[in-house]
Every structure is written in C-alpha cells, then in structure tokens.
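Working notes for the structure below.
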Amino acid sequence: MKCSDTSMVAVVPCVEYIPPERASPSPNFEPKKLYSFFVDHDWDLRERLFEVFKEPLFQLRYGITMEEERNLLRKRWSRLNELGLLKGTLTSGQPKDRARFDAFFECVEMYDHSLSVAMTVHYGLFGSTIAFLGTDDQKRKWLPKVEDCSMHGCFALTELGHGSNVRGIETQATYDKSRQEFIIHTPCETAQKYWIGGASTNARWATVFAQLSLNGTYYGIHPFVVRIREDDGRIVNGVTLADCGHKMGLNGVDNGRIWFDHVRIPREHMLARFNQVSSDGTYSSVYKTADERFAAQLGALTGGRVSISRSAMNQSMVGLSIAIRYGLSRRAFGPTEGVEIPIMNYQSHQMRLMPPLAATCIMTLCANHLKSRYRNRANENLKELHIWSSGFKSLMTWQMRDTLQECREACGGQGYKSENRIGVLKSSFDVLLTYEGDNLVLLQQVSRSVLNDFLKQMKAGKFTGPLSYMNDQNFLTGPLPEDIRSIAFSRLVLQRLESKLVATLAKEISKRSKQGKSSFEVWNECLDLAAEVGRAHTELLLAELSENLIKQASLTDHSVGNILKQCQTLFLLHMIDKQSCFLRYNCLSPEDAQRLHRVVVELCMQLREQALPLVDSFGIPPHLLGPIAFDWIEHNSRSKL
C-alpha cells in the first residue's frame, strides 16, 4: 500500500563510523608492557623496517600479473639489501645476530610473504645450509657473498617424487677420483628438484641434496654447492630449469624445477663439516651411523620449523588485529528499532574470535621461548628441540589456518576483499602447513619419540622428564579439581589424555607385532593414533611451558601476568572443549564437559572487554592492517573514487 502521509515514514539515520575504542572499556593492563613479551628483542630494527614499508615502492598492490609481482619483488629486495640490516647474521654465528635475523624476517613476512619467502630461501636455507654444514674454509669463502647477495642461491632438497620421505630422494652424486669431481645427475623424472624457490629465474647457485656414491657404495644424502646459472643469468651446461607455474599464493616467488645431466662440480663443493671425501675417494664422518649422518644433514630444517611456528603466530596477529577492530566498529541489529550494537557484542562473534585471540597470545609466548632456545642451542638438547619444533610447527600452523578462516568469516564480505588482507594472508600462508614437513608426519615423529621414552622408562620402573607425572597412577582415577578455571584442572585432563593415548599406542603396536605383521604394517595401522599422541604431547607441553612463562611475566608486571593468565585459561579449556578424544578416553565426564563449555562461553564474554588492548599489544603498524581496521566508511566513500 502506498502511504501518502510522509509523517508516517520513519527516517533511518545514516550509519556513522564509531571507532573501536568507543566500544572497548579501558584496559586493565598496559599494552606497551605486554608488547615487550610478544615482541621481545630488536625493537629499533623493527621500527626502522616498518618505516621503510611506508615508501611508495612498498605500497601493497593486488591483481597484478605474476611477472609484475616478481619484478616488484626484486626491486623491493634490492631496496632492503641496501639497508645492510642482515650483515653479519650468517657470518658471525652469534645468538644476538641470529635474533636480528629473526626480527628482520618477522617484519618482512607481515608485509609480504612472497618477499619474505624469496629472501628466506636465499639467506635462511641456502645460506644456513652452508653455515651449518660447511667447513670453516667453505663458510669464509661463501657466506660473505651470500650476505651481500653476490652469490644468489636456492635450496634444492624436495623432488617431484619425494617430499616428506627425504631419505628416498633420487638425485645422484657420484665421485670421479680421476678428476676429483662429483657428478650431479637426475636419473629419472621423479628425481627432478621441485618447488625450489628462486630456481626459476633468480638463483645462480643451489645447495643440492643428493645420494652420495663412492665406488658403487651409497652413503646416503649429502649436500653440494652447485652452480646452476652464470652471473649473467645464462643457464649452466647440463642444467635444465623450468617454472612450477601459477600457485594459489606466493606468486612473487619464482619456484622452479631443476634437472641435472651429469653436471660436474669440484670435490671441494661438497659441504664437509661432518662428512668428507678425500681426493682418493675415501669416505670419513664424525658420525658412527647412517641415522646420525642423516639427522645432521637436515639440521637446517629444525631452524625452519622454529621460524615457521613464530611466523604462523604473526599472521594470526595481523588477521585478529583487523577482524577485532572491525568487529568493534561494525554494528548490526540491536535491542530496539534504530539502535545497532557492535557485532563484537554478540555471543557468536565472541565465540568465533576470542578463542583464537587467546591461543595466539599463549602460543606466541611459547614460540618466542622456542626461538630463544634455538638461537642459544650450543648447550641445548638437540633431540628435544627437534620434538618441540615439530610439534609447535604443526599445532601453530593449524591454529593460524583456523584463526584466519574465522577472521575472514567474521568480517563478512569485507574479509574477502584483497585490500583488507585477511583473504590474501589465508592463501599466501597456507603453504606453512606443508613447508618443512607435513604436519601429520611431524606429529607422528613426535609420537615415536614419546613412545620410545615411555617404553624405556616403563621397563626401567621409573618415569622421568616430561613423563614423570606418570609415576603416580592416581592421576588417572582421582577426582578432577573442582575449579575448572585452574591450571590444575587443565593439566590433569591433558595428562590423562597423553598417558592413555601413549599406553594405547604401545598396546596396539604390541598386539599387531604378535600377529606376525611387519614393523611397517604395524606402524601404518597405528598412524592416526600416533598423530593423536603427538598432538596430546605438544598440547601438554604448551600448557606446562605457558604456565612457567606466565609466572615469570607476573614477577615483572602483575597486570600483564593476569591478562596472560586469562588468555591461558580460555586457550586450554577451549582446546579441551573442541576435541572429542577427551571424552572418548574418559579424561573427563560428560557432566564436566558441559560445565567446561559453559565456562568457555563466560571466558569469551570476559575477554571481549580486553580484546582491543590485546591486539594493540601485538604492535602491528596501521599501514600493515586492512582499511576495515579503521574508518571503513570514509575509505569506501564516493569521494574516494
């Protein structure tokens, strides 16, 4: 019906932008103090880089061709190289210089993952392989050139036919003692090096991993420094290069494929810190077994997993900073007509964003601790570092994936827009889930270590180290602490799960072995259970480690300790709440599970009050956030056309 009385027509006021600060109470802690726990070193370097990212060359661009993206990447890399901020990070070997290296790349990856990956392949994989596996003479010869980019390199490990199964790579390195040269050869199509960052266009050199053959005897994989292009860009004779093609992200990185046709290199180009081949073809090694040699050759990958863990948290921080600011300023519906409230006030929105916010805060503390241990690893337990890095990398990259997905959905259509960054981060950083090892395979490696320790210690009659809590079996049957919010509650539930899972894994393996099945068949039939053991062990580790780190933070600033404790409680309880295995293994009763879920809902509502100061404490500069983090109405106004 047409209404002729205009006085009856309600006038709907235009939506006004209301800054997120107006929808957020005053913080009960100082964000700058919390920032120093999340970002714990090299603040001046980070500030300098963030200022450089304001230059016109670094303006974020979307929808450009792959060729344009790669040309832009080269120009940006050249500009960063001019700053000289990485000088000494490879050649000194000092923890403080490694910290500077870490800070540099944490900033670059927040800006552009393609640029970060391209540079990390050169410095962090190519360069670090020489630093870790080269002799002193080799390091003196090559590392200064790596640092100043006059020796542009890539890291050639993965092949078309072998990724996670590194032992199975097929590239050959045969020694010719008559000429004192190694012959690098690709014997079949599955042996072509694949996904090699930098190989398609830019790299002149590669650290190539190949099966070493001496007089018909194979000694396993070893690394070699191989030239693939001349300095003027001409491809070396015997080398064939091709591009891997367009990808779902990281198209600024020139991932390539490499074939070698009996390419000869000097004997001195085998990285020989631990293993040597003399001029007459005699092999020697500081290690006694092939397994020890293999582990040493892949030492650089542990550092990669450590960095990836922290990288995953950085991207979660960026996504959450955008989504939470938008959620506090965007309004929809309300208790009365004409009154709209911030979408962050809705329980469903809080349940969507507060658990990943809490997880990101706690996992960041743990990732920082792991990075510090790795930088100062001279006196560390290297096996433990491998287990930590494998578990952290798996859980933290999965957490990043889920966090960015929630952030994307929480921002509606705006979250799908490239300039608002979240969608771009999702597609670009999804590769972290398979970088440096498939997450499930890594968790299975963790479970092997846990299982071996469990069986040895059970046979010895005493549990030690991370499994020492199993000495008192009352933890399996006694009542859970009444206070669900206490660390004692979460710790006990997590201990019950790990102990039951590892005991079940041991029984299943024993049962199948007695049936006459091969060790391969036995392990294959227990892979799902093994991954659960690896996850449970890492989750318990995160609980214990975060508790210690929060206690240390509380000694420095009580208010910082309190907000971190609030995050930890939600992180751990939500972790338990979302996984059915805790009920399947009777780690808590259905009634406890119901109570726990109600507490999670309450904690999400409470953390919403501190959400803005929490993301402010991440320290992400405004020009690295999407427009919807600020005045999205003005940004999309007609006057901007």
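Quick notes on this one:
- The set of residues in the range 43-71 being open to solvent by 50 Å² or more (accessible area, probe 1.4 Å), charged (D, E, K, R) and in contact (Cβ under 8 Å) with a residue 12 or more places away in the chain consists of R48, K54, E55, E69.
- Total residues in the range 536-558, condition closer than 20 Å to L467 by Cα and either open to solvent by 70 Å² or more (accessible area, probe 1.4 Å) or in contact with a Pro (Cβ under 9 Å, 6 or more places away or on another chain) (or both): 5
- Options F126, F105, F132; residue that is open to solvent by 10 Å² or more (accessible area, probe 1.4 Å) and in contact with a Ser or Thr (Cβ under 7 Å, 6 or more places away or on another chain): F105
- Only one of K514, K462, K456, K417 that is within 30 Å of I64 (Cβ to Cβ) and either of a type outside the set (G, A, S) or open to solvent by 40 Å² or more (accessible area, probe 1.4 Å) (or both): K417
- Hits in the range 392-405 (condition: within 15 Å of L357 (Cβ to Cβ), buried (at least 21 other Cβ atoms within 10 Å of the Cβ) and not polar (S, T, N, Q)): M396, M400, L404
- Residues that are among the aromatic types (F, W, Y) and within 14 Å of E230 (Cα to Cα), drawn from the range 188-213: W205
- Checked against the criterion of being more than 25 Å from W142 (Cα to Cα), open to solvent by 30 Å² or more (accessible area, probe 1.4 Å) and touching a residue at least 12 places away in the same chain (Cβ under 8 Å), the range 219-237 contains one or more residues that satisfy it.
- Residues that are charged (D, E, K, R) and open to solvent by 30 Å² or more (accessible area, probe 1.4 Å) within the range 286-334 comprise K288, D291, E292, R293, R330, R331, listed in sequence order.
- Residues in the range 121-140 that are outside any helix (DSSP H, G or I) and either touching a strand residue (DSSP E or B) at 6+ places or on another chain (Cβ under 7 Å) or more than 30 Å from C188 (Cα to Cα) (or both): T135 alone.
- Filter pass, P25 being of a type outside the set (F, W, Y), over 30 Å from L564 (Cβ atoms) and modelled with pLDDT under 95: no
- Test: residue in the range 428-446 that is open to solvent by less than 30 Å² (accessible area, probe 1.4 Å), farther than 28 Å from L527 by Cα and part of a helix (DSSP H, G or I): yes
- Filter result for the condition that a residue is touching a helix residue (DSSP H, G or I) at 6+ places or on another chain (Cβ under 8 Å), buried (at least 21 other Cβ atoms within 10 Å of the Cβ) and not hydrophobic (A, V, I, L, M, F, W, C), over R100, R76: R76
- Selection count, the range 141-187, where residues are open to solvent by 50 Å² or more (accessible area, probe 1.4 Å), outside any helix (DSSP H, G or I) and over 28 Å from L86 (Cα atoms): 11
- Residue list for the range 573-584, filter: farther than 18 Å from M351 by Cβ and either basic (K, R) or buried (at least 17 other Cβ atoms within 10 Å of the Cβ) (or both): F582, R584
- Across the range 617-641, the qualifying residues are those that are over 21 Å from G423 (Cα atoms) and not small (G, A, S), and the one among them that is least open to solvent (accessible area, probe 1.4 Å) is E634.
- Test: N275 is within 30 Å of V424 (Cα to Cα) and surrounded by 13 or more Cβ atoms within 10 Å (Cβ to Cβ): no
The values are calculated or read from the model by the stated rules, or taken from the named source; none is laboratory data. This is a predicted model, so every value here is computed, not measured. So basically every Cβ, Gly included, is an ideal-geometry build from the backbone, and we count neighbours across all protein chains shown. Remember, those area values only see protein heavy atoms, side chains included, never the ligands or the DNA or RNA. Shrake-Rupley method; radii C 1.70, N 1.55, O 1.52, S 1.80 Å.
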